[in-house]
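*Asks:* Handing you a structure now.
The values are calculated or read from the model by the stated rules, or taken from the named source; none is laboratory data. Predicted model, so just to flag it, every value in this text is computed and none were measured. Cβ placement follows ideal geometry from the backbone for every residue including glycine, while neighbour counts extend to all protein chains displayed.
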Amino acid sequence: MQNQLSTKHLLGIKYITREDIELIFKIATEFKEVINRPIKKVPSLRDVTIANIFFENSTRTRISFELAERRLSADVVNFAASSSSVSKGETLLDTVNNILAMKVDMVVMRHPAPGAHHFLARHIKANIINAGDGTHEHPTQALLDSYSIQEKLGAVEGKNVVIVGDIFHSRVALSNIFCLKKLGANVKVCGPGNLDSEIYKIPWCRGGI
């Protein structure tokens, strides 16, 4: 198994390999032991500064990231667009560059515009984790879902998985499709009748998944 990721960013499951996913799962298993300790903290990200930048409200996702970052000993900066200069017209790049001037090493961002993270990756040096962008992807949720399946069933490969709901507009569903298929699962989707034509606009769905 490889010992480092093939990319510096986590922009979406589409852009990482099966080996990347398996490495993330291996490290996650090792860190699970930490949360059962009396002191739930390790120095893995000591001296690393992470900015959580949320242009959409998402209490659960933001708190999950912040808790994990603090347990790994990172320095954390939280940013909410609703209470920032964004409301006065500051651009995404202006906002992030202002934060990076504080010597931030990593950006965890949620943004309503699909592809916002790709734009950012072309303009800044910090590592970027996509915490959800529009109807595009939500890679960390998909990784958690597949990891949970592996824990419960022993493996993802060869399992038959049906994803039910508004698939076309769900970033979680799309990331799950990419992740499950890369791990060898057989994936089907099922949505309301009035969305059938929309579902088949997804390239993975043409001719069935």
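*Asks:* Filter the stretch 1-58 down to the residues that are modelled with pLDDT of 90 or more and among the polar types (S, T, N, Q), then identify the one that is nearest to Thr135 (Cα to Cα).
*Replies:* That would be Asn52.
*Asks:* With the condition kept exactly as written, say whether any residue in the stretch 145-157 is more than 19 Å from the chain's Cα centre (by Cα) and more than 23 Å from Ile16 (Cα to Cα).
*Replies:* Yes, the stretch 145-157 contains a residue that is more than 19 Å from the chain's Cα centre (by Cα) and more than 23 Å from Ile16 (Cα to Cα).
*Asks:* Could I ask something else about it? List the pairs whose first member sits in the stretch 6-24 and is of a type in the set (Asp, Glu), whose second member is buried (at least 18 other Cβ atoms within 10 Å of the Cβ) and not in a helix (DSSP H, G or I), and whose Cβ atoms are under 9 Å apart, counting only residues at least 6 apart or on separate chains?
*Replies:* Asp20/Leu10; Glu22/Leu183
*Asks:* List the residue pairs whose Cβ atoms are under 9 Å apart, where the first residue sits in the stretch 144-172 and is more than 17 Å from Ser64 (Cβ to Cβ), the second is among the charged types (D, E, K, R) and not in a helix (DSSP H, G or I), and the two are 6 or more positions apart or on different chains.
*Replies:* That search, which allows pairs on different chains as well, returns Ile149/Lys159; Leu153/Lys159; Asn160/Lys188; Val161/Lys188; Val162/Lys188; Ile163/Lys188; Phe168/Lys201.
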